[in-house]
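A.B. asks: I have a structure I would like to understand better, so I am pasting it below and will then ask my questions one at a time.
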Amino acid sequence: MAHFVNLFIYWAEKFATMNTKKTIVAVLVSFLISNILATLWYSIMDDANFVAFRREEMNYLGLMLNHLVFAGLFVHFFPSYYSSSPGTGRSLIYGTLMAALMFLPSGMVVRSIWTVDFNSIFFLNTLAHMVIGAIMGFVLMKIYLFKK
């Protein structure tokens, strides 16, 4: 585990345009927002998302890793996107686009390979992820602009 932490710190120092402390805080906050809001959404919409071959017990390590990778990439690309035209709207658009990039391809693959339909819940899940992304973009903007 320590190796991954050191690797993350190295990555944050070498590639991020935010300082290391801000990058780590931004990744952790983005991870929490993504994880908590997605968990809340899927808890509310559990019946609508049920499919016959769903696991009885979720693979929480896989879900956590998904949110962590998403949060890391989300934070990494934010400064270059945001700095070209700063503003609240830009951060909301960034979050929406990043969430669409994360959710739509995998959602379409699942529905193309397995017996999961393209239906209204797919549309609602897509909207939920895009709203979560917009919230993440807004919060990340606040962290990015914080002076200390």
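A.B. asks: Do we have Thr96 as modelled with pLDDT under 90, touching a helix residue (DSSP H, G or I) at 6+ places or on another chain (Cβ under 9 Å) and of a type in the set (Val, Ile, Thr) here?
C.D. replies: Taking the combined requirement at face value, the residue does not satisfy it.
Residues checked against (1) within 23 Å of Ile135 (Cα to Cα); (2) at pLDDT 65 or above; (3) in contact with a Gly (Cβ under 8 Å, 6 or more places away or on another chain); (4) outside any helix (DSSP H, G or I):
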| residue | (1), (2), (3), (4) |
| --- | --- |
| Leu7 | no, no, no, no |
| Thr17 | yes, yes, no, yes |
| Asn35 | yes, yes, no, no |
| Ala38 | yes, yes, no, no |
| Ser43 | yes, yes, no, no |
| Phe50 | no, no, no, yes |
| Phe53 | no, no, no, yes |
| Ala71 | yes, yes, no, no |
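A.B. asks: Ok, one more. Test Phe123 against the stated conditions and say whether it is of a type in the set (Phe, Trp, Tyr) and either surrounded by 16 or more Cβ atoms within 10 Å (Cβ to Cβ) or farther than 19 Å from Ala134 by Cβ (or both).
C.D. replies: The answer is no for Phe123.
The values are calculated or read from the model by the stated rules, or taken from the named source; none is laboratory data. Remember, predicted model here, so these are calculated numbers, not experimental data. FYI the Cβ positions are ideal-geometry reconstructions off the backbone, even for glycines, and counts take in every protein chain you see.
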